[in-house]
Amino acid sequence: MSTSASAAGIAPAPSPQDFVRTTLELDEVVLRPWSRDDIDEPTTLDALVAAANDPQIALWNPLPAADRDAAAKWLEVRENAWDAGNVATFAIVENTRLTATTDTVPGLLGALTVRWTDRADGLAMIGYWLLPAARGWGLATRATIAAADWAFATAGVRRLELAHAVENEASCRVAARSGFPAEGVLRASYRFGDGAYHDEHLHARLATDPAPEPAGGRG
Ligand SMILES: CC(C)(COP(=O)(O)OP(=O)(O)OC[C@H]1O[C@@H](n2cnc3c(N)ncnc32)[C@H](O)[C@@H]1OP(=O)(O)O)[C@@H](O)C(=O)NCCC(=O)NCCS
């Protein structure tokens, strides 16, 4: 009788198309996988609640984190998805190696997610949000380029899609600057935080596309 790895208590080897927990360093900021420690960290839970209450995030990227319990649940779901290798959610945080701080929890700036939409076909989708203080210095573009490069190189992503409401001009600029040309309009394709269906621009970058121009840092 054969014994499966999980039945024997041995973690299965990751498949080539699993998203595997990785930290991506961008000088002054770091994209790091959320960890189970975050669930026990009130500062982090409060930052997620603040993010959920930000009007722009609530409208364009609603976050189910109305209170600490909901934020903890959101983190738990994200952790399980990392374990399964099918959704990669990073916290975007200040790089404590560079910012001499005594805080044990570095400042949360935002989050970025890469998720499979059709793993067998190499099709994935990317999304992001930043807290207000982190906007306006090109961070979303740099984070998107780094995460896309990582997904193409390590998980066999063939085509990475990015969709945003047509009214969300900042996200449209992030997509274009990150090497995701616009491909068309998806009519009434997604229900956003205002409860209404909005048209979206669909952008995509292929693994075979040329790398975008390097984006600058905090300017
Ligand atoms: C969208 C978001 C991630 C952009 O990130 P960012 O790092 O702040 O982006 P930037 O400030 O560098 O702006 C990118 C571009 O959009 C432009 N822009 C910013 N706000 C804008 C606005 N309200 N209207 C039009 N253009 C805007 C900037 O001038 C910049 O243009 P450039 O490329 O010519 O320099 C951030 O605004 C955010 O988190 N918004 C709320 C959540 C959200 O919309 N998530 C995306 C869902 S698809």
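Which net charge results for the neighbourhood of W129, defined as the other residues with beta-carbon distances under 12 angstrom from its beta-carbon, given Lys and Arg at +1 and Asp and Glu at -1?
On the way: positive: R135; negative: D54.
It works out to a net charge of 0.
DSSP beta bridges in the stretch 24-161, what fraction antiparallel, as a percent rounded to 5? Can you show the working numbers first?
Working: 23 of 26 bridges.
Among the beta bridges of the stretch 24-161, antiparallel pairing accounts for roughly 90 percent.
Taking the Cα centre of the stretch 117-183 as origin, work out the dipole magnitude from +1 charges on Lys and Arg Cβ and -1 charges on Asp and Glu Cβ, in debye rounded to 20. Walk me through the intermediate numbers first.
Working: 7 positive and 7 negative charges, 50 e Å.
I would put it at about 240 debye.
Given only helices, namely DSSP H runs of n ≥ 4 each adding -39500 (n - 2.57), what is the per-residue ellipticity at 222 nm of the chain, to the nearest 500 deg cm²/dmol? Can you show the working numbers first?
Working: 6 runs with 65 residues, N = 219.
Calculated mean residue ellipticity at 222 nm is -9000 deg cm²/dmol.
Based on the Cα atoms of the chain, what semi-axes does the equivalent ellipsoid have, where each is the square root of 5 times one gyration tensor eigenvalue, given in whole Å with the largest first?
26, 23, 19
Under the Karplus relation 6.51 cos²θ - 1.76 cosθ + 1.60, θ = phi - 60°, what is the ordered set of whole-Hz ³J(HN,Hα) values for the stretch 161-174, x standing for Gly and Pro?
9, 9, 10, 8, 4, 4, 6, 8, 5, 4, 5, 4, 5, 4
Using the charge dipole of the stretch 24-161 (Lys, Arg: +1 at Cβ; Asp, Glu: -1 at Cβ; taken about the Cα centre), state which of W34, W150, L130 has its Cα farthest towards the positive end.
Value computed over the given set: W150.
Taking only C-alpha pairs under 8 Å that are 6+ residues apart, what is the relative contact order of the chain in percent?
Working: 382 pairs, mean separation 39.2, N = 219.
Relative contact order here is 18 percent.
Spelling out what I want: for every residue of the stretch 154-160, take phi, set θ = phi - 60°, compute 6.51 cos²θ - 1.76 cosθ + 1.60 (Karplus), and round to whole Hz; glycine and proline get x.
Computed from phi, the couplings for the stretch 154-160 are 10, 10, x, 5, 9, 9, 10 Hz.
Looking only at A182, A204, A147, which one moves most when the chain is put into a Gaussian network model with springs between Cα atoms under 10 Å?
Residue with maximal mean-square fluctuation among A182, A204, A147: A182.
A short reminder: the numbers here are calculations on the coordinates, not readings from a lab. Since we're looking at a predicted model, the values are computed, not measured. A quick note on method: Cβ atoms are made from the backbone with ideal geometry, for glycine too, and the neighbour counts reach across all protein chains shown.
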